[in-house]
1. I'm trying to understand the selection: among the residues of the stretch 336-365, which are of a type in the set (G, A, S), in a strand (DSSP E or B) and either without any contact (Cβ under 8 Å) to a residue 12 or more places away in the chain or under 29 Å from R411 (Cβ atoms) (or both)?
2. Would the stretch 137-157 turn up any residue that is buried (at least 24 other Cβ atoms within 10 Å of the Cβ), over 17 Å from L69 (Cβ atoms) and of a type in the set (D, E, K, R)?
3. Can you tell me which of (1) within 26 Å of C116 (Cβ to Cβ); (2) over 23 Å from the mean Cα position of the chain (by Cα) is the one P303 doesn't meet?
4. Pick out the one residue from V87, V127, V145 that is part of a strand (DSSP E or B), under 20 Å from the mean Cα position of the chain (by Cα) and modelled with pLDDT of 95 or more.
5. Can you name the number of the only condition in (1) modelled with pLDDT of 85 or more; (2) part of a strand (DSSP E or B) that L419 fails?
6. Quickly run through the stretch 366-414 and pick out the residues that are in a strand (DSSP E or B), in contact with a Ser or Thr (Cβ under 8 Å, 6 or more places away or on another chain), more than 22 Å from L346 (Cβ to Cβ) and not aliphatic (A, V, I, L, M).
7. Which ones in the stretch 241-260 are in a strand (DSSP E or B) and either within 22 Å of G326 (Cα to Cα) or at pLDDT below 95 (or both)?
8. Within the stretch 15-44, which residues are modelled with pLDDT under 50 and surrounded by 18 or more Cβ atoms within 10 Å (Cβ to Cβ)?
Amino acid sequence: MKQLLCLAAVLTTTSLTAADWAQWRGPNRDGHASFSIAALPKEPKTLWSIPIGNGQASPIVAGGKLIYLDELPGKDKQPHQEVAHAVDLTTGRELWHTAVGESEAFENAYGTGPRCTPLVDGDRVYVQTCRGEFRCLALADGKTVWKTSFATDWEAPFFGNKSSAPEAKETASRRHGNNGSPVIDGDRVFVPVGSPTKGTLVAFDKLTGKALWNAGRENTAYSSLMVGTLAGTRQVVHLTGDSLMGVDVASGKILWQTPVKTGAKRHVLTPLLADNAVTISSSSVGLTKFSVTKDSGGFKVEPAWKNDKIKITLATPVLVSGHLYGLGTGGSKTEFICVDFKNGELKWGQPGFSDYAAVIAAGDKLLVQDMAGTLLLLKASPEKFEELGRIQVCGNTWSHPAIADGKIYQRDKKQLFALEIGK
């Protein structure tokens, strides 16, 4: 059983909170967890494990429930479906499941199935399928409260990976999957619809589903949305297939926008908001910190610094004490890197890593779950790479773990696990 555990590890001494992990990358969408870590244990305690279907969407935890998405066969020879599940956080017993849309047959190294992390807010669950079906479900029983279709309602049809349509060449997300996770701020839920005719970004009333505004006329990429206050104005930040933009949360007015081009429209990283700046990168765009300012002429965005030698394809870094930690790709090799957030200077790089890892900051240390199932504990230090422990915990996974109330929840291709990580 020890060899089958996914993310069966973390700490032996902790200072824990009971905060939920209700959205992509945690409570603040920044990869920070509310605990400290002393060491990786040799024998973690498995609370429960259950078999699940294909998928890479991360589990989330809220209100005593765990929500996850997977792919299951349709009834009566119908197409496979993306299915949302709620299980009891203590036992793993299923409470409800709801089919939310047809699954996409496109398969990468980790299989088919859902890839967009769901979101819980109050008594609602918000889910988005690869093919662009968006639903608000009741957390209590999984029943649909409201829904919208990118194709039917917003003229953003899903093409699929094998499409020969000329429009398919202009988008990656509508070929491979609408994977960018939505975000909530106040009474609005912002969704990366990606319609070149009816709106790249759409704000809905989170309770009723009423469309409040739309902004932009570009295709989306795979990047998830962020909300924050920049230059004194609350805004939603969106890295689309062609640009980076900040949009006023109330009105939908595009406050600023700057081109960010890649040949494949392959923007994956979630924008990092800090210091009145937005930091991004991609497979062909160097790590860049854009400062956002405002004067009598309006908003202005310009690079505070740019490091073209550092390109980050998949794994969003975390910011700890003025330094970025994550994966960087230079040429054909991937390293775990530390970058000075003030000037973009590379402090160090450690080889031996592959394309993806979930990076979680925990106090002055880092938990790094790589795509091969290895969990590392690192010291968050700009001086040098310092590994404090590692353990092989599961098979291949591109899923980001959820951490809540002293426990860690993760999936691989076949299982979903709840693991005790310290008291």
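The values are calculated or read from the model by the stated rules, or taken from the named source; none is laboratory data. Quick caveat: nothing in here was measured; it's all calculated off a predicted structure. Positions of Cβ are backbone-derived with ideal geometry, glycine not excepted, and every protein chain shown enters the neighbour counts.
1. Selection gives G352, A357, A358, A361, A362.
2. No, there is no match, as no residue in the stretch 137-157 is buried (at least 24 other Cβ atoms within 10 Å of the Cβ), over 17 Å from L69 (Cβ atoms) and of a type in the set (D, E, K, R).
3. Here P303 clears every test but (1).
4. Selected residue: V127, the only one of V87, V127, V145 that is part of a strand (DSSP E or B), under 20 Å from the mean Cα position of the chain (by Cα) and modelled with pLDDT of 95 or more.
5. (1)
6. Across the stretch 366-414, the qualifying residues are Q369, R390, Q392, Q410, R411.
7. Hit for the stretch 241-260 is L244, nothing else.
8. L16
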